[in-house]
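Taking it in order: structure first as structure tokens, then the write-up.
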Amino acid sequence: MSSLLDLTPAAVLAAEEDGVLARRRGDVEGMDRLLAWCDLHSGDPQETPGAVPVRFGGNRLIRPGGEGTPRVAELCFEEFAIAAHAGVIATKNKAADLLDLRHRLPNTYDAVKNLDLELWVARKTAALARRLTPAQAQVVDLAVATARHESPGRVLVIAEAKVIEADPAAHRARIAADEARQGVWLRRRRPGQALGAVDGATLGADVQGVGMRLSTAASELFHETTTAIATRLAEEHVPAHEDDVPTMDQFRARAVELMADPHAAARFLDGPDTEPEPQPEPEPAPEAKPPAPKRRRKPAEIVVHIAAEVLAGQCDGVARVEGIGPLLLEQVTDLLRGREVTVQPVIDLTVGRAVNGYEHPTTVKKRTELRTTRDVFPHSTRQGGLSRLDHDHPVPYVPPDDGGPPGQTGDHNDAPVGRTDHRAKTHLAYQVKQLGLGAYRWETPHGLARIVTGQGTRRIQLLKTTDGTTIGELYESPPWTYEPQSSGL
């Protein structure tokens, strides 16, 4: 067997791509084996001659998966688990997920079979949707199958949002149950921990843990307030010696200590300009006291993606809040409670703008952010937060003094990428072409080719002329189309 070191860089990359497909193919083969095992044990064991009655511990049919999936003999999983070198509970849970995929999420199941989607992502989706009815599960199935070329994290965000959208009442019940479990707990040191982490314990000689379960809105507000106080403390910190350089985590801990005295924390945050002005000494005919300054409301900037029908109250739906995830509309309202709210105008993504300078203007960056929702480097998992990304020119910028044309910077020439990825693209032989608004074709130094759009990253084959010039791309599989299932789903 030849060593991998004997291969060229392009051959190593090709072997890795083949390895990914081989692993996915192996996952599919394992899925097929477990489903076949379930099918072989779908008959009622109580109908077998001499069967031990269920009341005496005999075998019986159970439904591991969700509504609409077939039943399987309860005691059949032990033997398969032995063959799989796995635990029985894990095997039963896997069977439940796979049965859900085949019978409740058929389009997602096909995406796994076609090696377009990782099996573990599909299984997680099936588990999230298990309590939905078969009709409700169709909503999740269609969305996840359409997003099969997205990164795993993005697919799961979409799956969560669609599970909420499919059954808002159930999600409100989950929210109510979470509210009942909210609380704050002091984790006191146990005997033997007073001397610190001598045995690997996380608590120390003068440290005790505090645990909290808060609503999403309260958690965001707590984090914001803690960070604001910690930042002020860091700015005002005067080191006592050269090693006195606290971390931000330590400043946040001091901020929480300060918040234990709410009046002191308020004075620290509001500053002297919000203190009531001192009043003059009482006189026989005192004048009316001036009103105390009103407490300034904290500004908040959140980006919410929501359908117009949901915003108008015409139907239930889910809003996606960048940095947080899918929320019901009332949860978004909680995030804004007590805030100065400024509604920004809707941005028209059908129009573009170009300028003559090198820097992409904010309006261009914002439209690109809304179109792509992510870093456009192939298979990147970065979502949102494009203000922290570099906005690269796919067609390199040429200064006007060197003969560069006007209008080089704009929607037509804007690719947001991470700083390290940007450096790799700049200094190595990467090629990127913006095919349209929000669509990019990448070619790596050793010939790997990808298309990146708002629906994720797809593997392609490049069409080239005899001199090696790329003139187009060939998709390995046709775009996915949705075919309605039978009325049983």
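So here's what we get for this one:
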quantity: Identity of the residue in segment 143-171, farther than 16 Å from residue 318 by Cα and part of a helix (DSSP H, G or I), that ends up modelled with the highest pLDDT; calculated: 145
quantity: So residue 265, is it open to solvent by less than 100 Å² (accessible area, probe 1.4 Å), closer than 29 Å to residue 332 by Cα and at pLDDT below 70; calculated: no
quantity: Residues of segment 25-69 that turn out to be of a type in the set (S, T, N, Q) and touching an Asp or Glu at 6+ places or on another chain (Cβ under 8 Å), as a count; calculated: 2
quantity: Near pairs, Cβ below 8 angstrom, 6+ apart or cross-chain, from segment 245-264 (at negative phi) to any residue that is in a loop (DSSP other than H, G, I, E, B) and surrounded by 12 or more Cβ atoms within 10 Å (Cβ to Cβ); calculated: 246/237; 251/237; 254/246
quantity: Hey, residue 453 without any contact (Cβ under 8 Å) to a residue 12 or more places away in the chain and of a type in the set (Ser, Thr, Tyr) or not; calculated: no
quantity: Qualifying residue in segment 363-370 (condition: closer than 29 Å to residue 400 by Cβ and not in a helix (DSSP H, G or I)); calculated: no
quantity: Inter-residue pairs, beta-carbon under 7 Å, first farther than 17 Å from residue 68 by Cα and in segment 124-149, second small (Gly, Ala, Ser) and surrounded by 24 or more Cβ atoms within 10 Å (Cβ to Cβ), 6+ apart; calculated: 144/159; 145/111; 148/111
quantity: Segment 409-438: number of residues that are assigned to a loop (DSSP other than H, G, I, E, B) and either open to solvent by less than 20 Å² (accessible area, probe 1.4 Å) or farther than 26 Å from residue 471 by Cβ (or both); calculated: 3
quantity: Residue, most open to solvent (accessible area, probe 1.4 Å), within segment 61-96, restricted to residues that are in a helix (DSSP H, G or I) and acidic (Asp, Glu); calculated: 79
quantity: Residue among 128, 142, 156, 117 that is buried (at least 23 other Cβ atoms within 10 Å of the Cβ) and aliphatic (A, V, I, L, M); calculated: 117
quantity: Total residues in segment 211-232, condition open to solvent by 40 Å² or more (accessible area, probe 1.4 Å), assigned to a helix (DSSP H, G or I) and not small (Gly, Ala, Ser); calculated: 8
quantity: Selection within segment 8-60 - over 30 Å from residue 77 (Cα atoms) and open to solvent by less than 70 Å² (accessible area, probe 1.4 Å); calculated: 10, 11, 12, 13, 14, 15, 17
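The values are calculated or read from the model by the stated rules, or taken from the named source; none is laboratory data. Computed from a prediction, not measured in an experiment: that's the story for all the values here. Neighbour counts are summed over all protein chains in view; Cβ atoms, including those assigned to glycine, are modelled from backbone coordinates with ideal geometry. Accessible surface areas use protein heavy atoms only, side chains included; no ligands, DNA or RNA. Shrake-Rupley method; radii C 1.70, N 1.55, O 1.52, S 1.80 Å.
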